[in-house]
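Asker: Got a structure for you, questions after.
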Amino acid sequence: MLESLRAAVGGSGVDIVTVCPGWVDTSMSEGAGSRSFMVSADEAASSIADGLESGRVEIVFPLPLAAAAKVARLVPQRLWPALWSKNRHRYAG
């Protein structure tokens, strides 16, 4: 959606920036399970500020999440239900 919006307002002086944070260590993320790629609120704010300052159109952090997001875009849409469904056996074959 944001990519379409970015194209629609291109050249108008409005910047559309996509921010995709991973887990940020806040009270909202308490009990979230795995804290493998958790970043502090200060780290998140710094990543966002740095991305905005450098003129990036997409800010994704931490790095492992960014890499996974890029690879995920290569997976055909019709395979997502098979990969993530709790009832995977329905999609097999």
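The values are calculated or read from the model by the stated rules, or taken from the named source; none is laboratory data. In this text, all values refer to a predicted model and were calculated from it rather than measured experimentally. Note that each Cβ is placed from the backbone with ideal geometry, even for glycine, and that neighbours are counted across all protein chains shown.
Asker: Given the conditions (1) more than 18 Å from the chain's Cα centre (by Cα); (2) outside any helix (DSSP H, G or I); (3) at pLDDT below 90; (4) surrounded by 10 or more Cβ atoms within 10 Å (Cβ to Cβ), report the number of the one that Pro81 does not fulfil.
Answerer: (2)
Asker: Let me ask another. Quick check on my filter: what residues within the stretch 1-32 are under 20 Å from Ala68 (Cβ atoms) and outside any loop (DSSP other than H, G, I, E, B)?
Answerer: Across the stretch 1-32, the qualifying residues are Leu2, Glu3, Thr18, Val19, Cys20, Pro21, Val24, Asp25, Ser29.
Asker: Could I ask something else about it? So Ile59 ticks every box in (1) assigned to a helix (DSSP H, G or I); (2) at pLDDT 90 or above but one. Which box is left unticked?
Answerer: Here Ile59 meets the rest and fails (1).
Asker: What number of residues within the stretch 22-66 satisfy the criterion of being touching a helix residue (DSSP H, G or I) at 6+ places or on another chain (Cβ under 6 Å) and surrounded by 16 or more Cβ atoms within 10 Å (Cβ to Cβ)?
Answerer: The total comes to 6.
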